[in-house]
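Novice: Let me give you the structure first, and then I'll get to my questions.
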Amino acid sequence: MAPRTPVQWPVRVGAVPRSADWFQHRDVLDTLDTALTGPGTAVVCQVLTGMGGVGKTQLAARRAHQAWRAGEIDLLVWVTASTRQAVIDAYADAAAKVLHVERDEPARAAQEFLAWLEPGPGAAAGHCRWLLVLDNVTDPADLTGLWPPDHPLGRTVVTTRSRDAALTGAGRRLVTVGLFTPREATGYLGQALAARGRAEGPEECVRLAEDLGRLPLALSQAAAYLIDADIGCREYRELLANRARLDDLRPPTLPDDQTAGVAAAWSLSVDRADARGPRGLARSLLELAALLDPNGIPQPVFTSAPVRDHLTRAVRAHASAGAWRTRRITAEETVRALRDLHGLNLVDHTPRTAHRAVRVHQLIQRAVRDGLGRAEHDALARTAADALAAVWPEVERDTDLAQALRANTAALSGKAETALHRPHAHALLYRVGESLGVAGQVAAAAGHFGTLARTTHQHLGPDHPDTLAARHDLAYWRGAAGDAQGAISAFRELFADRLRVLGPDHPHTLTTRGNIAYWIGEARYAGGAEGAATALEELLADRLRVLGPDHPDTLGTRHNIARLRGRAGQTAEAAEGLGALLADMVRVLGPDHPDTLTTRHDLAYWQGRAGDAEGAARAFEELLTDAARVLGPDHPDTLTTRHNIARLRGRAGDVQGARRAFEELLADRLRVLGPDHPHTLTTRHNIARLRGRQGDAAGAVRAFEELLTDMERVLGPEHNDTTITRHNIAYWREESEVVTLRVRRDPAG
């Protein structure tokens, strides 16, 4: 349909938002340029999707202004497309302006306008280049029957927070608009502040940009707030760190004709996601996600029983009648709700991303948390902690999963420390420290329990069992990190307090006695092993009386007695005791229990030290297969088994094979445990020694000297292993001098 009377081109319909001050050029704008100015075969409809606040409208407006000023288009129609009726009304306005159609029937006028846009005889083809922008489409269903047609001279740009499949199709391309890049974010802040006579150091701009997650909307409002409040980036960051509400950090007058603060940018999206399923489901999921790691949350956390119980209560609270008053939320319904949040760009849900399936921008998290009351926030935090604990595997075969769970626990602790200590310290706080230690990060484990000992003391008091438990774990991991003397002192202080608070027969008091003896044996004092063994024999009698013969703690005491016998030189007795213990371990705990595997390991070790090297080697090879299956190939205990296989290979005379095995083990221990772990240092020690045995005495000296520096730094100059390293330097230095002297005397030899 052609216009009834001639139209004076160009024509603009609708108010195009003005370009933001200090607009940053972005790669997606180049995509729009190509789509608008490319040949007729280009994809004519670009759908810009992204979370609220990333600048989709600004990108569309920028390109519309450029095309209009450059004379690239004859007709520009800007539609604020938040509802279907708004789209119809805008099309009717265009029809009135271009076709001179009356607006008394908007739906009919809108269809006439769309028909005029169709290519063909008498339509717009051949004489009108048009650009139609549908800004802020809330529901793709609103565009049913209202999509602009494909036209060789026409282009359409859609902005939306949705990424539903209905937005894609023939002639449409979905373009994701993300956050500012670091360069764009700091460039924007620097320009915005400089234009107002403010100078900020580049480093402070970088830190503020990262604190705001490089979200364009947040950066623009932060810059305006800095000017209005006359403060610097550092003070603004302190306000953020002190948990100021986002609404409290919005400027009195919003910049760039904005109409909503950062906190309100996602409210409509949250409402819409919540309306897609039973009311309360999607919102409650987002509230839980707001307390966890923005960089990735494992999906099983959201489908765990504690979370589904919480979601069921939330949905029932919103349901006045019907099935939702009695039904329990299923895992499948929970995943569908995650997809609804994903579809509205409130979360990124990528189920195939191992252990990081759900990501949430940190400011969305902040805005959601701002809307929670204190009691609601704390209850959610305990639910999130219950969920993390529920999905945490007993045996951490998957190191990536364990790392993700630790990161989420750290994020939760940072947002809800008090909640996780009321009415008692949540078990998750202990589980994460144990996970660090089991993963070989023993110094980090000690640091974690040092913090936990302080926070439990602060929230619960010095004599609370949870405070005493945190002190226990701190002492243990201090010893595991190489400070056996510090562990002994800490356990002795703890024993006095547990004896006073819990009594002599409490299992925790008995455990503390056992640890004192254990670390005395580990410290290798002169006569320490014998004294520790005596203390453990006395402890065993009490544990048999209090706990019984099959209690795991009783079995553990028998294990430590056998180890100390071996340390005292009674290697045959140690092997005999561990053999008897193994039968009970298998009967009580099962063959695949980690403690059973540890007993098999120590039995093989002392079997070899007692003279049966061949039998020990076979036992370690069999154990390696089971340890890799049960614990995983990267578990520290699996790596220790490989260490002992390599050690026995060297003792059997295969020096080259042993060195190769230790070098392969070193690469894995560096990757899994880090360079400062005592086991990593031990592996380096064995490689250096084997270099000397292969005839490279000078190379052994250099390796031991490098190792000594790290030993003194990590373990301390007085540690037994540090002393042994000094002895090795002296020994191989002497060997090197002997070799050099032989060469001088007999150059041909």
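Novice: Can you tell me which residue among Arg161, Arg172 is touching a Gly at 6+ places or on another chain (Cβ under 8 Å) and of a type in the set (Lys, Arg)? Lay out the reasoning, then the answer.
Specialist: Numbers: Arg172 fails: touching a Gly at 6+ places or on another chain (Cβ under 8 Å).
The unique qualifying residue is Arg161.
Novice: In addition: Checking the condition closer than 20 Å to Pro594 by Cβ, among the charged types (D, E, K, R) and not assigned by TED's automatic domain parsing to the domain that holds Met711, which residue from Asp386, Asp378, Asp466, Asp473 passes? Walk me through how you get there before you give the answer.
Specialist: Values: Asp386 fails: closer than 20 Å to Pro594 by Cβ; Asp378 fails: closer than 20 Å to Pro594 by Cβ; Asp466 fails: closer than 20 Å to Pro594 by Cβ.
The conditions single out Asp473.
Novice: Let me ask something additional. From the list Gly213, Gly197, Gly171, Gly201, which residue is exposed (fewer than 13 other Cβ atoms within 10 Å of the Cβ), on the phi > 0 side of the Ramachandran plot and not aromatic (Phe, Trp, Tyr)?
Specialist: Values: Gly213 fails: exposed (fewer than 13 other Cβ atoms within 10 Å of the Cβ); Gly171 fails: exposed (fewer than 13 other Cβ atoms within 10 Å of the Cβ); Gly201 fails: on the phi > 0 side of the Ramachandran plot.
Sole residue among the options that is exposed (fewer than 13 other Cβ atoms within 10 Å of the Cβ), on the phi > 0 side of the Ramachandran plot and not aromatic (Phe, Trp, Tyr): Gly197.
Novice: Against the definition (at pLDDT below 95, basic (Lys, Arg) and more than 19 Å from Pro552 (Cβ to Cβ)), how does Arg524 come out, yes or no? Show your work before the answer.
Specialist: Values: at pLDDT below 95: yes; basic (Lys, Arg): yes; more than 19 Å from Pro552 (Cβ to Cβ): yes.
Considered against the rule, which asks whether it is at pLDDT below 95, basic (Lys, Arg) and more than 19 Å from Pro552 (Cβ to Cβ), Arg524 comes out as yes.
Novice: Kindly establish whether Asp370 is under 27 Å from Leu311 (Cβ atoms) and modelled with pLDDT of 95 or more. Spell out how you get there, then give the answer.
Specialist: Values: under 27 Å from Leu311 (Cβ atoms): yes; modelled with pLDDT of 95 or more: no.
For Asp370, the condition - under 27 Å from Leu311 (Cβ atoms) and modelled with pLDDT of 95 or more - is not met.
Novice: Next question, about the same structure. Since Ala199 meets every condition but one in (1) part of a strand (DSSP E or B); (2) of a type in the set (A, V, I, L, M); (3) without any contact (Cβ under 8 Å) to a residue 24 or more places away in the chain, which condition does it not meet?
Specialist: Of the numbered conditions (1) part of a strand (DSSP E or B); (2) of a type in the set (A, V, I, L, M); (3) without any contact (Cβ under 8 Å) to a residue 24 or more places away in the chain, the odd one out for Ala199 is (1).
Conditions (1) surrounded by fewer than 16 Cβ atoms within 10 Å (Cβ to Cβ); (2) among the aliphatic types (A, V, I, L, M); (3) touching a Lys or Arg at 6+ places or on another chain (Cβ under 9 Å), marked per residue:
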site	(1), (2), (3)
Leu623	no, yes, yes
Pro633	yes, no, yes
Thr638	no, no, no
His643	no, no, yes
Gly653	yes, no, no
Asp668	no, no, yes
His677	no, no, yes
Thr683	no, no, yes
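Novice: Within segment 177-189, is there a residue that is closer than 30 Å to Leu114 by Cα, among the β-branched types (Val, Ile, Thr) and surrounded by 15 or more Cβ atoms within 10 Å (Cβ to Cβ)?
Specialist: Start the filter on segment 177-189 by keeping residues that are closer than 30 Å to Leu114 by Cα, which leaves 177.
Going one step further and asking which of them are among the β-branched types (Val, Ile, Thr), we end up with 177.
Remaining after also requiring surrounded by 15 or more Cβ atoms within 10 Å (Cβ to Cβ): 177.
Yes: segment 177-189 contains one or more residues that are closer than 30 Å to Leu114 by Cα, among the β-branched types (Val, Ile, Thr) and surrounded by 15 or more Cβ atoms within 10 Å (Cβ to Cβ).
Novice: Quick test of your reading of the structure: Gly590 fulfils all but one of (1) on the phi > 0 side of the Ramachandran plot; (2) more than 35 Å from the chain's Cα centre (by Cα). Name the failing condition by number.
Specialist: The single condition Gly590 does not satisfy is (2).
Novice: Condition first: modelled with pLDDT of 80 or more, acidic (Asp, Glu) and farther than 30 Å from Ala195 by Cβ. Can you find one or more residues in segment 64-73 that meet it?
Specialist: Narrowing segment 64-73 to residues modelled with pLDDT of 80 or more: 64-73.
Filter once more, so that each one left must be acidic (Asp, Glu): 72.
Then keep just the ones that are farther than 30 Å from Ala195 by Cβ; that gives none.
No, that holds for no residue.
Novice: If you check Ala411 against the conditions, is it closer than 20 Å to His472 by Cα and assigned to a helix (DSSP H, G or I)?
Specialist: Details: closer than 20 Å to His472 by Cα: no; assigned to a helix (DSSP H, G or I): yes.
For Ala411, the condition - closer than 20 Å to His472 by Cα and assigned to a helix (DSSP H, G or I) - is not met.
Novice: Working carefully through the options Arg369, Arg359, Arg397, find the one that is more than 17 Å from the chain's Cα centre (by Cα) and under 14 Å from Leu285 (Cα atoms).
Specialist: Only one candidate qualifies: Arg369.
Novice: Looking only at segment 461-470, filter to residues that are buried (at least 18 other Cβ atoms within 10 Å of the Cβ) and in contact with a Lys or Arg (Cβ under 9 Å, 6 or more places away or on another chain); which one of those is nearest to Gly437 (Cα to Cα)? Write out each step before concluding.
Specialist: So the first thing to find is which residues in segment 461-470 are buried (at least 18 other Cβ atoms within 10 Å of the Cβ), and the list is 466-470.
If we keep only those that are in contact with a Lys or Arg (Cβ under 9 Å, 6 or more places away or on another chain) as well, we get 468, 470.
Working: Leu468: 19, Ala470: 14 Å.
This residue is Ala470.
Novice: Restricting to segment 211-241, give me the number of residues that are farther than 15 Å from Ala367 by Cβ and either in contact (Cβ under 8 Å) with a residue 12 or more places away in the chain or small (Gly, Ala, Ser) (or both).
Specialist: From segment 211-241, those farther than 15 Å from Ala367 by Cβ are 214, 216, 219-220, 223-239, 241; that's our starting set.
Next, from what is left, pick out any that are either in contact (Cβ under 8 Å) with a residue 12 or more places away in the chain or small (Gly, Ala, Ser) (or both): 214, 216, 219-220, 223-229, 232-234, 236-237, 241.
Qualifying residue count, segment 211-241: 17.
Novice: Of all residues in segment 335-348, which are under 21 Å from the mean Cα position of the chain (by Cα), surrounded by 22 or more Cβ atoms within 10 Å (Cβ to Cβ) and either modelled with pLDDT of 90 or more or in a helix (DSSP H, G or I) (or both)?
Specialist: From segment 335-348, those under 21 Å from the mean Cα position of the chain (by Cα) are 335, 338-339, 341-342, 345-348; that's our starting set.
Applying the additional criterion that residues be surrounded by 22 or more Cβ atoms within 10 Å (Cβ to Cβ) yields 338, 341, 345-347.
Leu338, Leu341 - these are the residues of segment 335-348 that are under 21 Å from the mean Cα position of the chain (by Cα), surrounded by 22 or more Cβ atoms within 10 Å (Cβ to Cβ) and either modelled with pLDDT of 90 or more or in a helix (DSSP H, G or I) (or both).
Novice: Could you count how many residues in segment 390-417 are of a type outside the set (Asp, Glu) and free of Cβ contacts under 8 Å to residues at least 60 places away in the same chain? Steps first, please.
Specialist: Quick first cut of segment 390-417, residues of a type outside the set (Asp, Glu) only: 390-393, 395, 397, 399, 401-416.
Still in the list and also free of Cβ contacts under 8 Å to residues at least 60 places away in the same chain: 392-393, 402-403, 406, 409, 413-414.
Number satisfying all stated conditions: 8.
Novice: Mind checking which residues of segment 644-665 are of a type in the set (A, V, I, L, M, F, W, C) and not in a helix (DSSP H, G or I)?
Specialist: If we filter segment 644-665 for residues that are of a type in the set (A, V, I, L, M, F, W, C), which is where we start, we get 645-646, 648, 652, 655, 658, 661-662, 665.
Within segment 644-665, just Ala652 meets the criteria.
Novice: Sticking with this structure for a sec: Of the conditions (1) part of a helix (DSSP H, G or I); (2) more than 20 Å from Ala574 (Cα to Cα), Gly632 fails just one. Which one is it?
Specialist: (1)
Novice: State all residues of segment 550-577 that are in contact (Cβ under 8 Å) with a residue 24 or more places away in the chain, outside any helix (DSSP H, G or I) and not aliphatic (A, V, I, L, M); if no residue qualifies, say none.
Specialist: Asp550
Novice: Next question. I need a count of the residues in segment 349-382 that are in contact with a Pro (Cβ under 9 Å, 6 or more places away or on another chain), in a loop (DSSP other than H, G, I, E, B) and under 28 Å from Leu167 (Cα atoms).
Specialist: 5
The values are calculated or read from the model by the stated rules, or taken from the named source; none is laboratory data. Computed from a predicted model, the values in this text were never measured in an experiment. All Cβ positions, glycine included, derive from the backbone under ideal geometry; neighbour counts span all protein chains shown.
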